[in-house]
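Working notes, beginning with the structure itself.
The values are calculated or read from the model by the stated rules, or taken from the named source; none is laboratory data. Everything quoted here is computed from the prediction, not taken from an experiment. Methodologically, a virtual Cβ is constructed for each residue, glycine included, from the backbone with ideal geometry; neighbour enumeration extends over all protein chains shown.
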Amino acid sequence: MLGSPQEALRLVIIGGSDAGISAALRAREVNPAAQVRVIVADSFPNFSICGLPYYLSGEVSDWHTLAHRTRDEIEGLGIRLHLEESASSIDRAAQEVITQSREGLINRYPYDRIVIGTGAVPIRPGIAGVDLPGVFALHTMDDCFELHERLATSARTAVIVGGGYIGLEMADALCHRGIVVTLIEQLPAVMRTVDRSIAKRVESLLAARGVTVRTETAVDSIVHTNNHLRVHCSDGSGAEGDLVLLVAGVRPQSDLARGCGIRTNERGAIHVDRGMRTNLPDIYAAGDCVTTWHRLLERDLYMPLGTTSHKQGRVAGENAVGGDRQFAGSLGTQSVKLFDRVVAATGLREEDAQLYGFEPLAVEVTTQDHKVYYPGATEMIVRLVGDAPSGQLLGGQILGTYGKEVSKRIDTLATALHHQMGIDELSDLDLSYTPPLSSPWDPLQVAAQAWCLARDRRRA
């Protein structure tokens with residue numbers, strides 16, 4: 001039995017993407033004697049799905065390089081990979097995971113512990129025509145290969161349904177290939193992770209690159225017409241393209257977990273504690289299929305992110321083989337390159353802060369990324385959100401030029417949020433300075449001082 005010196009702990013990990021492979025790697029580090037096997041539904045373990053837009057744009061020429069680690073590298077660490085197998089059920093009485101291969105072969109793998117890392121699946125809008133040829137999702141390597149083939153043959157125009165990060169990255173990718181793009185978003189603005197003022201700047205950036213952006217527009221149906229696909233919208237408008245890309249978000253893939261009695265929340269995400277434990281003994285879960293502890297709000301939300309999946313998987317893998325680590329929480333920190341600009345965000349938007357009971361004050365400043373006398377200085381927009389009564393930093397957003405330290409600065413804000421700093425404390429940080437890269441007062445500190453001034457004026 002488990003714990004005897006003769007028998008190693010048997011860990012079965014379901015899912016071979018970010019969370020699953022991170023769990024496997026950490027489990028082997030903590031307990032080299034553990035027997036770790038990973039059930040992978042496709043042939044692409046540990047591939048960077050976040051890199052797909054850059055392969056499709058042509059900026060990354062070889063799709064093989066999207067693998068964080070090769071199969072040989074993973075198996076060389078003593079991890080058993082079972083490719084093209086899907087877990088169909090968990091037999092808790094027999095302590096076995098039942099799988100089925102693409103050929104229909106049934107296998108049963110005994111376990112002492114399980115980590116579920118089944119991820120998420122694309123939301124398929126309830127509209128007619130989503131299954132027509134030429135309508136694509138973008139979530140797996142197979143999705144990528146199908147879309148790549150269409151792009152390499154006949155596509156000259158495209159309609160993107162969804163204005164989140166993937167929709168924006170794909171607008172960039174398709175424009176890079178010379179394809180004319182229409183982007184449709186049902187919300188009032190693209191990028192629901194930033195405040196409206198930043199989102200509207202992003203829309204202007206898209207329009208300047210020839211992308212037609214339609215917000216507050218829902219899609220009713222997709223039909224074939226004149227050798228094209230036509231998207232019909234609820235306001236009576238429409239758009240035509242040689243292809244349609246559906247990137248309207250994801251939902252947790254948790255059917256397997258619910259089938260064996262694991263508790264989920266109202267969105268279907270597996271409920272886990274900060275040790276990534278489910279409500280069932282010996283079963284852990286991590287990644288885009290689970291709830292995420294929001295570090296600032298101190299509550300569980302559904303926040304699917306690749307960086308979060310890696311961290312949660314590491315915690316789950318360590319605890320599954322006897323550790324006792326806690327997930328430190330997420331702030332939703334993200335950045336996206338859009339043409340020659342970068343948009344980044346962390347923490348709460350102004351609207352979110354009000355929703356969660358704060359009294360938010362948001363201040364937006366426009367400054368230069370470095371000293372103007374050194375050639376190449378460009379505009380950087382920093383928006384800070386704080387709690388007016390307490391001065392607590394709640395979130396921040398930055399829009400700047402690619403290569404101009406945007407991600408570095410959003411990471412500084414994320415670090416400040418992680419440690420619950422006040423906005424006035426940002427001015428006290430000992431940040432680096434050299435004229436080609438910054439100013440004596442970094443743009444974050446300029447924004448912090450403007451926020452404190454606005455707060456003081458409000459109090460007066």
Next on the checklist: Among (1) assigned to a helix (DSSP H, G or I); (2) under 22 Å from the mean Cα position of the chain (by Cα), there is one condition GLU149 misses while meeting the rest; what is its number?
Outcome noted: (2)
Checklist entry - In the set ALA33, ALA41, which member is more than 30 Å from ARG156 (Cβ to Cβ), buried (at least 16 other Cβ atoms within 10 Å of the Cβ) and not β-branched (Val, Ile, Thr)? => result ALA41
Next on the checklist: Please determine whether any residue of region 105-123 is more than 30 Å from ARG277 (Cβ to Cβ) and acidic (Asp, Glu).
Outcome noted: no
Checklist entry - Residues of region 408-425 being closer than 27 Å to ALA377 by Cβ, crowded, with 18+ Cβ neighbours inside 10 Å and not basic (Lys, Arg), which ones? => result ILE410, THR412, LEU413, ALA414, ALA416, ILE423
Checklist entry - Of all residues in region 181-228, which are part of a helix (DSSP H, G or I) and surrounded by fewer than 13 Cβ atoms within 10 Å (Cβ to Cβ)? => result SER204, ALA207, ALA208
Item to check | Only listed residue being over 22 Å from ILE398 (Cα atoms) and not aromatic (Phe, Trp, Tyr), chosen from ALA207, ALA137 | outcome: ALA137
Checklist entry - Within region 281-293, is even one residue surrounded by 19 or more Cβ atoms within 10 Å (Cβ to Cβ) and within 30 Å of ALA128 (Cβ to Cβ)? => result yes
Checklist entry - Is it the case that region 371-378 has a residue that's closer than 16 Å to PRO443 by Cβ, in contact with a Leu (Cβ under 6 Å, 6 or more places away or on another chain) and assigned by TED's automatic domain parsing to the domain that holds ARG349? => result no
Next on the checklist: Scan region 231-246 and tell me whether some residue there is of a type in the set (S, T, N, Q) and over 23 Å from VAL161 (Cβ atoms).
Outcome noted: no
Next on the checklist: Exactly one condition in (1) at pLDDT 95 or above; (2) over 11 Å from LEU393 (Cβ atoms); (3) hydroxyl-bearing (Ser, Thr, Tyr) is false for SER427; which is it?
Outcome noted: (1)
Checklist entry - Using beta carbons and a limit of 8 Å, which pairs, at least six apart or on different chains, have the first residue in region 134-147 and assigned by TED's automatic domain parsing to the domain that holds VAL161 and the second one among the polar types (S, T, N, Q)? => result MET141/SER43
